[in-house]
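Working notes, beginning with the structure itself.
What follows is calculated from the coordinates using simple rules that are stated; it is not laboratory data. Note that the structure is a prediction, hence the values are computed from the model and not measured. Because the Cβ atoms are built from the backbone with ideal geometry, glycine has one as well, and the counts that use them run over all protein chains shown.
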Ligand code: ADP
């Protein structure tokens, strides 16, 4: 085909090209007709040009009826709760807007012509001409009912199994603690050593089951969350004061960097009752959930740092409240950074191998932060230390005030509720 220009007048070449073009078109049409996946081509106005039999099977729209229609009358997407996708969520709209990259969505449900909701995975790619102008969009969609059912069964199994196993593990842990308690039991030194090891392993197992249960819940949207108005400054200060014991024990210094360009030693600030004037960083989160995330980040900072300090920072702008936890520890190798927030991911090197953990903490942390439309990420240098950042949407003073009044009115209406803390598992 590259020779067409050079052999413009040569009959046989152009005939051959025409034939091969026809062959190609035929081959494409055979493939499009045979594959099970739905393939839809729309033009730059969103009008359907091509709708293969796979797309018909999935949507219930015959190709001849779907073609020439605006794609939005045919491809209706909703989320897991049945709410229609907004323009920002619609991957086709996103490609119209962004025009540069393929966008994938694995969470959508497609509403068929007969009003049935089918779980689908979508891949939406822009078609660009030589001048990088959008000429159309190809959407490939696949029925993922079976994958989602299997995934649900897996999550349910993990959830039930870890729930059931937590109880006997807690009992073993309790009895081992009794055996190690001088006032209740008498054991010789060798036995004490064995029992301590068994107690430690049981605690690890209990944590693993708890993390498995939380991650299973996070996956199928059952994570309990009661968001309330939280002033992140005072919240963080109090939380870290509760946590810093572990750092003290290891001889690590703990500092606050409270967005006022002023770094204060946490101990000094407590002892001297020193006050720092700083802006109020309001967010709408469940404080118990955010505590899980920060506790894990802080515990990790202690775990993966042999000497130096841990700094807890808070700052922000109109839109965002940013927290960070910085350490002077072992750091994370660059190749591990993209995987760090995946389930069960642990860095495997000589600096971390001997340190116990489940590899679920950061995964759960990401799920929780995403629950509040936030973002969590890490910057790290091997051997120098790591900084974990959390961004959460900031509430304006007006919205915070409105929220405070709403919460006050609610607790006045149900005084019992205001006395009970929500049960979190
Ligand atoms: P866990 O610490 O229980 O293994 P996490 O999900 O909390 O699980 O962390 C995943 C992995 O990320 C850890 O195993 C460790 O390799 C790495 N990591 C986390 N925090 C730090 C840190 N502050 N410094 C160095 N590595 C870290």
(request) Could you state the orientation-averaged shadow area of the convex hull built on the Cα atoms of region 148-219, in nm² to one decimal? (result) 5.1 nm²
(message) Springs between alpha-carbon pairs under 10 angstrom, Gaussian network model over the chain: which of 215, 201, 315 fluctuates most?
(response) 201
(message) For the chain, I need the span (max minus min coordinate) of the C-alpha atoms along each principal axis, in Å, sorted largest to smallest.
(response) 99, 56, 51
(request) Would you mind getting me the FRET efficiency between residue 29 and residue 87? Use the beta-carbon distance for r and R0 = 41 Å, nearest 0.05. (result) 0.80
(message) Report for the chain the percent antiparallel among DSSP-assigned beta bridges with both residues inside it, nearest 5.
(response) 90 percent
(message) I'd like the FRET efficiency for residue 170 and residue 379, computed as 1/(1 + (r/R0)^6) with the beta carbon distance as r and R0 of 41 Å, rounded to 0.05.
(response) 0.60
(request) Kindly express, to the nearest 10 degrees and within the range 0 to 90, the angle between helix 189-219's C-alpha long axis and the longest C-alpha principal axis of the chain. (result) 40 degrees
(message) Can you classify region 20-143 as rounded, prolate or oblate using the Cα gyration tensor, where a ≥ b ≥ c are the square roots of its eigenvalues, rounded means a/c under 1.5, and otherwise it's prolate if a/b beats b/c and oblate if not?
(response) oblate
(message) Could you identify which residue out of 306, 348, 182 has the top mean-square fluctuation in a GNM of the chain using Cα springs shorter than 10 Å?
(response) 182
(request) Return the distance in nm (one decimal) between the two label points of a simple spin-label model at residue 127 and residue 180, each offset 7 Å from Cα along Cα→Cβ. (result) 6.7 nm
(request) Would you mind calculating the gained length between residue 161 and residue 197 on full extension (0.36 nm times residue separation, minus the Cα-Cα distance), in nm to one decimal? (result) 10.5 nm
(message) If each residue of separation counts as 0.36 nm, what is the full-extension length gain between residue 47 and residue 408 once their alpha-carbon separation is subtracted?
(response) 124.9 nm
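Assuming R0 = 41 Å, can you tell me the calculated FRET efficiency for the pair residue 238 and residue 116, based on Cβ-Cβ distance, to the nearest 0.05?
Here the calculated transfer efficiency is 0.20.
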(request) Pairs of Cα atoms under 8 Å, at least six residues apart: use those to get the relative contact order of the chain, whole percent. (result) 10 percent
(request) Can you grab the distance from the C-alpha centre of region 37-93 to the C-alpha centre of region 159-229, Å, no decimals? (result) 49 Å
(message) At 222 nm, what value in deg cm²/dmol follows for the chain if DSSP H runs of at least 4 each add -39500 (n - 2.57) and the sum is divided by all its residues, to the nearest 500?
(response) -14000 deg cm²/dmol
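Please give the length that would be gained between residue 65 and residue 189 if that part of the chain were fully extended, namely 0.36 nm times their separation in residues minus their C-alpha to C-alpha distance (nm, one decimal).
Working: separation 124, 0.36 × 124 = 44.64 nm, distance 8.23 nm.
Value of the extension gain: 36.4 nm.
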